[in-house]
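What follows is a set of notes on a single structure, which appears directly below.
Nothing in this text is a laboratory measurement; each read-out follows from the coordinates by a stated rule. Predicted model only: the values in this text are computed from it and were never measured. Cβ coordinates were reconstructed from backbone atoms using ideal geometry, including for glycine residues, and neighbour counts include every protein chain displayed.
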Amino acid sequence: MKKRDYGWLVSLPFYGVHAAAVIGVALVGWSWKWFGLAIALYYVRMFGVTGGYHRYFSHRTYRTSRWFQFILAVLAQSSLQKGALWWAAHHRDHHKYSDTERDPHSFRTRGFWWSHVGWILSRDTEETDPNRIADLWRYPELRWLNKWHIVPGTALAIGLYLVGSWPALVYGFFLSTTLLWHGTFTINSLSHYWGSRRYTTTDDSRNNPVLAIVTMGEGWHNNHHYYQRSVRQGFFWWEIDLTYYVLRTLSVFGIVWDLHLPSESVRAGNAMPAPTPRKRPAAAASDEPVMLPPASASAPALAVSDAE
Ligand SMILES: [Zn+2]
Ligand SMILES: [Zn+2]
């Protein structure tokens, strides 16, 4: 196991946002109105995380235009969880090496704190490996956003201050972002520890309705590890999946399309098993595709439309 080498350049702003949230609320005073703004911006940006970083950039579970792809990256990065390319590259490794020593954030091998926060603050995970996201690396606008990943979040903070002064900045940015971070991080930590397992997978992923509400549907994490190509993570009507409902709505307007759904047989437990991680020479390992094979030939999931 590698030693825990935390980068101060990431750690200082990370803890600084937490401190600004607590001190800021103490200074400007409690307000339900402004707290409502914090929650609204939490869920709008959580959609960027789940519908953008995760279900689009990491897994390509649906298709969209190049301009909306860019909007998704900007919205996702307003959550200040680094670049969409960075996020997808590490998340693909999470699925490829789930709960092994090579998983960037395994609860099983490195415990709660590492899987929740530590891995993000570590110098070991700072770089983006283009080989992990070759399908996305070809877009210069995404590479630019990945390099200048703090731009959308910083612009949000400045905009909030200009429009609503200190209360808007404290609640809409510092408090909302702190909650959003920990809401998102529960998927890497608690979703591999707390909940039930419907499907047999090689990892410890769980289904948890509480985490599904907090994360707009990502709490159905055992479903997701079992069949990662699905745009929908709540496989049954009672498994609330707000991200999927938003994407379904966007598909009605033609903004997104080709939403890949699990078949009856997959939901019954007959999905093709995820490829088990293979030991390969380091130089060759990066070329290995991360996606599951398509469930049917008519469901391409790897191509983005360039017809903007
Ligand atoms: Zn995933
Ligand atoms: Zn996972």
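Going through region 50-68 one residue at a time, which ones are within 11 Å of ligand 1 (Cβ to nearest atom) and either under 13 Å from Gly83 (Cα atoms) or aliphatic (A, V, I, L, M) (or both)?
Hits for region 50-68 are Tyr53, His54, Phe57, Ser58.
Suppose the filter is over 22 Å from Arg132 (Cβ atoms), away from ligand 1 (no atom under 16 Å from the Cβ), over 16 Å from the mean Cα position of the chain (by Cα) and in contact (Cβ under 8 Å) with a residue 24 or more places away in the chain; does Phe253 pass it?
It is false that Phe253 is over 22 Å from Arg132 (Cβ atoms), away from ligand 1 (no atom under 16 Å from the Cβ), over 16 Å from the mean Cα position of the chain (by Cα) and in contact (Cβ under 8 Å) with a residue 24 or more places away in the chain.
Output the residue which, of all residues in region 93-111 that are part of a helix (DSSP H, G or I) and touching an Asp or Glu at 6+ places or on another chain (Cβ under 9 Å), is farthest from Thr201 (Cα to Cα).
Only one residue tops the list, namely Arg110.
Residues of region 95-148 being of a type in the set (Asp, Glu), within 27 Å of Tyr193 (Cα to Cα) and more than 17 Å from the chain's Cα centre (by Cα), which ones?
Selection gives Asp99, Glu101, Asp124.
Residues checked against (1) within 16 Å of ligand 2 (Cβ to nearest atom); (2) farther than 30 Å from Arg232 by Cβ; (3) in contact (Cβ under 8 Å) with a residue 12 or more places away in the chain; (4) acidic (Asp, Glu):
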{"position": "Ile23", "(1), (2), (3), (4)": "no, yes, no, no"}
{"position": "Val28", "(1), (2), (3), (4)": "no, yes, yes, no"}
{"position": "Lys33", "(1), (2), (3), (4)": "no, yes, no, no"}
{"position": "Val49", "(1), (2), (3), (4)": "yes, no, yes, no"}
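Looking only at residues in region 83-99 that are closer than 14 Å to Ile150 by Cβ and not aliphatic (A, V, I, L, M), which one is nearest to ligand 2 (Cβ to nearest atom)?
In this case the residue turns out to be Trp87.
Answer with yes or no whether Arg229 is within 13 Å of ligand 1 (Cβ to nearest atom) and either part of a helix (DSSP H, G or I) or not small (Gly, Ala, Ser) (or both).
It is true that Arg229 is within 13 Å of ligand 1 (Cβ to nearest atom) and either part of a helix (DSSP H, G or I) or not small (Gly, Ala, Ser) (or both).
Counting just the residues of region 192-226 that are aliphatic (A, V, I, L, M) and under 18 Å from Phe112 (Cβ atoms), which one comes out farthest from ligand 1 (Cβ to nearest atom)?
Val210
Considering only residues that are within 13 Å of ligand 1 (Cβ to nearest atom) and either touching a residue at least 24 places away in the same chain (Cβ under 8 Å) or polar (S, T, N, Q) (or both), which ones fall in region 104-113?
Of everything in region 104-113, just one residue is within 13 Å of ligand 1 (Cβ to nearest atom) and either touching a residue at least 24 places away in the same chain (Cβ under 8 Å) or polar (S, T, N, Q) (or both), namely His105.
Name the residues in region 182-221 that are among the hydrophobic types (A, V, I, L, M, F, W, C) and not in a helix (DSSP H, G or I), would you?
If the condition is that a residue be among the hydrophobic types (A, V, I, L, M, F, W, C) and not in a helix (DSSP H, G or I), then Trp194, Met216, Trp220 are the ones that fit.
For region 201-237, give me each residue that is β-branched (Val, Ile, Thr) and more than 13 Å from Thr50 (Cα to Cα).
Thr201, Thr202, Val210 - these are the residues of region 201-237 that are β-branched (Val, Ile, Thr) and more than 13 Å from Thr50 (Cα to Cα).
Would you pick out the residues in region 238-250 that are of a type outside the set (S, T, N, Q) and either within 16 Å of ligand 2 (Cβ to nearest atom) or closer than 14 Å to His54 by Cβ (or both)?
Asp241, Leu242, Tyr244, Val246, Leu247
I'm checking my understanding of the structure. Among residues of region 232-246 that are in a loop (DSSP other than H, G, I, E, B) and crowded, with 24+ Cβ neighbours inside 10 Å, which one is nearest to ligand 1 (Cβ to nearest atom)?
Among residues in region 232-246 that are in a loop (DSSP other than H, G, I, E, B) and crowded, with 24+ Cβ neighbours inside 10 Å, the one nearest to ligand 1 (Cβ to nearest atom) is Gln233.
For region 121-151, which residues satisfy the criterion of being closer than 24 Å to Pro13 by Cβ, surrounded by 20 or more Cβ atoms within 10 Å (Cβ to Cβ) and either free of Cβ contacts under 8 Å to residues at least 24 places away in the same chain or in contact with a helix residue (DSSP H, G or I) (Cβ under 7 Å, 6 or more places away or on another chain) (or both)?
Leu121, Thr128, Leu142, Leu145, Asn146, His149
Taking region 25-69 as the search range and keeping residues that are of a type in the set (Gly, Ala, Ser) and over 14 Å from Trp166 (Cα atoms), which one is surrounded by the most Cβ atoms within 10 Å (Cβ to Cβ)?
Across region 25-69, the extreme among qualifying residues is Gly52.
Residue by residue through region 200-218, note down the ones that are crowded, with 18+ Cβ neighbours inside 10 Å, of a type outside the set (A, V, I, L, M) and away from ligand 2 (no atom under 11 Å from the Cβ).
Passing the criteria: Asn207, Asn208, Thr215, Gly217.
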